[in-house]
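The values are calculated or read from the model by the stated rules, or taken from the named source; none is laboratory data. Model, not experiment: these values are computed from the prediction. Cβ atoms come from the backbone with ideal geometry, glycine included; neighbour counts cover every protein chain shown. Quick note on the areas: whole protein, heavy atoms, side chains included, nothing else; ligands and nucleic acids left out. Shrake-Rupley method; radii C 1.70, N 1.55, O 1.52, S 1.80 Å.
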Amino acid sequence: MRKHYLTLLAAGLALTLVSGAHARPRIDRDEWTAPAVAAIDSPAICLAEHNVGDLLLTISNNGTVGDKPVSSLGYPQVDCFTGAPTHSCAFRANPDVQYLWGSAFWIGAVKGRDTLVSVGYDPYSFSFEMYPDAAPLGNIVYRSSVDPAKPRFEGAVSEQDFISVYYDTCETSCRGMRRDSFDGRSHRPLGIQVTQRSYAWSYPYAKDFVLFDYTIRNVGLNRLRKVYMGIFFDCDVNGPIDDICGFRRTMPAWYSPSEKCRFDDSVNFAWVADNDGDDFISPDVTGTRVVRAPTPDATISFNWWVLDHARHIDYGPQAKKSLRELGTGGSGEPRGDRNKYWYLRNGEFDFDQVFTLANRSIDTQWMFPPPDIAADISDGLDTYYLLSLGPFDLEPGQSLPLSFAYVGGLNLHRDTLNLLNLPSNPDEYYRNLDFSNLAYNATWADWVYDNPGWDTDNDGYFGKFHLCETGDSLLDRIDTLWTPDSSWIIQIDTLWKFSVVDTIWYQGDGVPDFRAASPPPRPDIRLIQSTGKVVIQFNGWQSETARDFFTHMVDFEGYRIYMARDDRWDSYTLLDTYDREDFNKYRWDTATKAFELKEDPFTLPELRCAYAPLGCADSTWDPLLYTRERPYIVPGYDDSIFYFTQQDWNRSTPGVTTGIRKLYPDATRPRTFNKDSCLASDTTDEGRFKYYEYEYTIDNLLPTVPYYFNVCTFDFGSRSLGMPPMESPRTQTPILAYAQNSSDSVEANGLKVGIYPNPYRIDAQYAALGYEGRGKGERDRPSDRNRRIHFYNLPAKCTIRIFTLDGDLVREINHNYDSSDPMSNHDTWDLISRNTQLVVSGLYYWTVESRDGQVQIGKLVIIM
């Protein structure tokens, strides 16, 4: 949320006014829950991959993340919902390079007089101590906000939700449970239940992170004291021998509005990467940011350690004041419950790994290894890290929350020779690393978790913000100045100096939202069908008036109409577009010596009022006359040099500059959207606002094949938040239809039912002609289950029956649609009998019986 303060100074007068200040194809998962991999009497452990964004990340329902831990138990590395191979953690641009071996949830506490720790998995003993129930109770649940028509939409938070529940209560009998050889005992449960929710989005600003939300419940009878929770990582970035890790607390805020207002952002992420990017094979970085702790005063610890068993290297930083003998001969790997608990609670923030050798001679607070080992550690080894927090007490029946983001960042490495700076010159090495994309994504993950400037619980607190003066400029002969929402007008007769102060919200109100900014709502779409022609009608009332809850602005920019012959993303063709007339203003930045775009688009009236020689009434002034080569210049002000470009195509005159036309071109914008108090002339008989009614006509369509249609909305993004324009996905809830007479037209004109192809020939290549294999999910079916005979001119409600010449019923199809459904006029038979067998060659006859008892009869020939 942004607020703009405009201070006007003239002739000693000061006046202050305040006004209240975006895709990708995805695998379809039709099941609600994953089938169990294990037997019915064993835990229903399985994997599911987050893949709607560019960060491909696999989760499981046993307290682990990544596909390697579960595969080590003998489970296949495949997605439970799709059967597709999984990626432990990878970026879509290079999915063969893995950035994570495995991660696990760790929790420790004092139970009675015993100190216990339960882990998703232990890298030392490869013991697994958390398990779901047997199927179906233990199955992963999948939800998605993509398609409101599907059952999985209900309760969805993101485009891809996975919900798992698992326990630490199995003691000895579970698969993968091993005796703790270090402590000399079997696993002793704390008695906890973990509900793990993970969320992913495809939006440009959210495609490189996955949010995790845990609820940890004490299901035992004992109080758990001094509870500490942690996320353990074994990354092995493109191999296990040359990883480096560290922790960044702050970085310059990428959303600072100008050089005059710079501030640091508390990014607070642990990170791990390959030491040199392997010649840009693995140049990227991943990190972890805690976004919610059970209490604001929780102590956070960051510990890392390295292992090289062949060379007997086992080292992790330990502060001298709290030095612990681990009993392993090393100072790194924590074996057994007691050592793990010490790591979870030690309160240390380890120095970054690359400084191991450099700090050895100057830092007296830490224990360091010998110089030769320190040098090897500094330039990368097999690295592990643990991010933990606590303490908390947990009574029986009580729960604790924990939320964190697993974040990817692109192009950390920019110099293939940078590794030469290690181990001796880590500062120069760091100067050649680029954490900016990781910081950008980590900030957005925090903002999606808790939306800045949004009072979720309505207690009057909106979060934290910065006030930034963006700069001075001069308004030349302005007659009228409008705010973007036209809430006030200022009359001005002379030259005015103004100062704009932005409110930059950077932190929410502390109440979780788990809500991502999205494109404007899709319009209400209807189809009018006839032979070879489809007319798309839609109402954009909600699309054009909804405020983005993230930016608090009405950011609607326009509509795009798409058509496809199948449901794949790349199959869609853009037919036409309508977008509002607005312009981008590029301002000369005196610090960067470049033109920069830092403001949201301006309408033509706004620009004319601000810059036209004759003010708001100057109808001939054209901002596009001011280009990069010939900018608009305000004399005496170096930062008041601008040029302008169109925002999108500016095809803003319905029926003239675009084929999208207004159904009611003379309708005016309603004064109120309350349908009980608006004018009767504002709405249609169906209650739709006339002003927002549009239509688009598509001619010369083949009537025999299906088409997918969609009207997508798009916005102009938010420059100040670094959020690019977003468009609703074209594959999200498209309308499938045939360019054939609608069922209403069939009934009104008494049209007869027909079928095609007739005869049906198995050698006719109907799939290539588009008659079959184009429906949702049909491309992956065996060809003998993808045959189609089409019935057209059907009543909306009828029964289709196919018989042999002897009168035996082969198949019965219940065609039951509302007459407004585009598919109410059409149905298909897959050549499968009611006994689920493929029919044989022969002569058949069919009947179509409407609800009023009228029967139509025809013949068909099948040549197999």
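Looking at (1) at pLDDT 95 or above; (2) of a type outside the set (S, T, N, Q); (3) open to solvent by 20 Å² or more (accessible area, probe 1.4 Å); (4) assigned to a loop (DSSP other than H, G, I, E, B), which one does Tyr99 not meet, given that it meets all the others?
Only one criterion in (1) at pLDDT 95 or above; (2) of a type outside the set (S, T, N, Q); (3) open to solvent by 20 Å² or more (accessible area, probe 1.4 Å); (4) assigned to a loop (DSSP other than H, G, I, E, B) is unmet by Tyr99, namely (3).
Just give me the residues in the range 154-166 being open to solvent by 10 Å² or more (accessible area, probe 1.4 Å) and outside any loop (DSSP other than H, G, I, E, B), in sequence order.
Matches in the range 154-166: Ile163, Val165.
Quick check: anything in the range 228-244 open to solvent by less than 10 Å² (accessible area, probe 1.4 Å) and among the small types (Gly, Ala, Ser)?
Within the range 228-244 (the criterion being open to solvent by less than 10 Å² (accessible area, probe 1.4 Å) and among the small types (Gly, Ala, Ser)), the answer is yes, since at least one residue qualifies.
Filter the range 221-255 down to residues that are touching a Gly at 6+ places or on another chain (Cβ under 7 Å) and acidic (Asp, Glu) and give me whichever is farthest from Gly63 (Cα to Cα).
Asp242
Could you list all residues from the range 116-153 that are assigned to a strand (DSSP E or B) and at positive phi?
Matches in the range 116-153: none.
For the range 601-614, enumerate the residues that are more than 15 Å from Asn650 (Cα to Cα), open to solvent by less than 30 Å² (accessible area, probe 1.4 Å) and out of contact with any helix residue (DSSP H, G or I) (no Cβ under 6 Å at 6 or more places or on another chain).
Ala610, Tyr611, Ala612
Report yes if Tyr845 is more than 30 Å from Ala84 (Cα to Cα) and under 38 Å from the mean Cα position of the chain (by Cα), otherwise no.
So Tyr845 fails the test.
Residues are listed down the side, and each one gets a yes or a no for (1) within 23 Å of Tyr578 (Cα to Cα); (2) open to solvent by 70 Å² or more (accessible area, probe 1.4 Å):
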| site | (1), (2) |
| --- | --- |
| Thr683 | yes, no |
| Glu693 | yes, no |
| Leu701 | yes, no |
| Tyr708 | yes, no |
| Gln732 | yes, no |
| Gly754 | no, no |
| Asp763 | no, yes |
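Look through Glu606, Glu629, Glu686 and report the one residue that is assigned to a helix (DSSP H, G or I) and of a type in the set (D, E, K, R). Let's see the steps before the verdict.
On the way: Glu629 fails: assigned to a helix (DSSP H, G or I); Glu686 fails: assigned to a helix (DSSP H, G or I).
Answer to the selection: Glu606.
Taking only the range 323-341 into account, find how many residues are among the hydrophobic types (A, V, I, L, M, F, W, C) and open to solvent by 30 Å² or more (accessible area, probe 1.4 Å).
1
Can you pull out the residues in the range 294-328 that are in contact with a Gly (Cβ under 6 Å, 6 or more places away or on another chain), of a type outside the set (A, V, I, L, M, F, W, C) and not in a loop (DSSP other than H, G, I, E, B)?
Matches in the range 294-328: Thr299, Ser301, Asp314, Tyr315.
Could you please tell me which pairs satisfy a Cβ distance under 6 Å, a separation of 6+ or placement on different chains, a first residue in the range 605-630 that is farther than 12 Å from Lys585 by Cα, and a second residue that is of a type in the set (Gly, Ala, Ser)?
Every condition considered, the pairs that remain are Asp618/Ala612; Trp621/Ala612.
Might you check whether a residue that is within 30 Å of Ser571 (Cα to Cα), modelled with pLDDT of 90 or more and assigned to a loop (DSSP other than H, G, I, E, B) occurs anywhere in the range 660-677?
Yes, the range 660-677 has at least one match.
Before we move on, is Thr577 among the polar types (S, T, N, Q) and assigned to a loop (DSSP other than H, G, I, E, B)?
no
Quick one: count up the residues across the range 632-659 that are over 19 Å from Asp579 (Cα atoms) and in a loop (DSSP other than H, G, I, E, B).
Of the residues in the range 632-659, 7 are over 19 Å from Asp579 (Cα atoms) and in a loop (DSSP other than H, G, I, E, B).
Is the range 517-534 home to any residue that is in contact with a Lys or Arg (Cβ under 9 Å, 6 or more places away or on another chain), outside any loop (DSSP other than H, G, I, E, B) and open to solvent by less than 10 Å² (accessible area, probe 1.4 Å)?
Looking through the range 517-534, none of the residues is in contact with a Lys or Arg (Cβ under 9 Å, 6 or more places away or on another chain), outside any loop (DSSP other than H, G, I, E, B) and open to solvent by less than 10 Å² (accessible area, probe 1.4 Å).
When both residues are 6+ apart or on different chains and their Cβ atoms are under 7 Å apart, which pairs have a first residue that lies in the range 169-194 and is at positive phi, and a second that is open to solvent by 30 Å² or more (accessible area, probe 1.4 Å) and in a loop (DSSP other than H, G, I, E, B)?
Every condition considered, the pairs that remain are Gly191/Thr169; Gly191/Val219; Gly191/Asn222.
Just give me the residues in the range 836-848 being touching a strand residue (DSSP E or B) at 6+ places or on another chain (Cβ under 9 Å) and not hydroxyl-bearing (Ser, Thr, Tyr), in sequence order.
Selection gives Leu838, Val839, Val840, Gly842, Leu843, Trp846, Val848.
Please count how many residues of the range 193-228 are in contact with an Asp or Glu (Cβ under 6 Å, 6 or more places away or on another chain) and in a strand (DSSP E or B).
3
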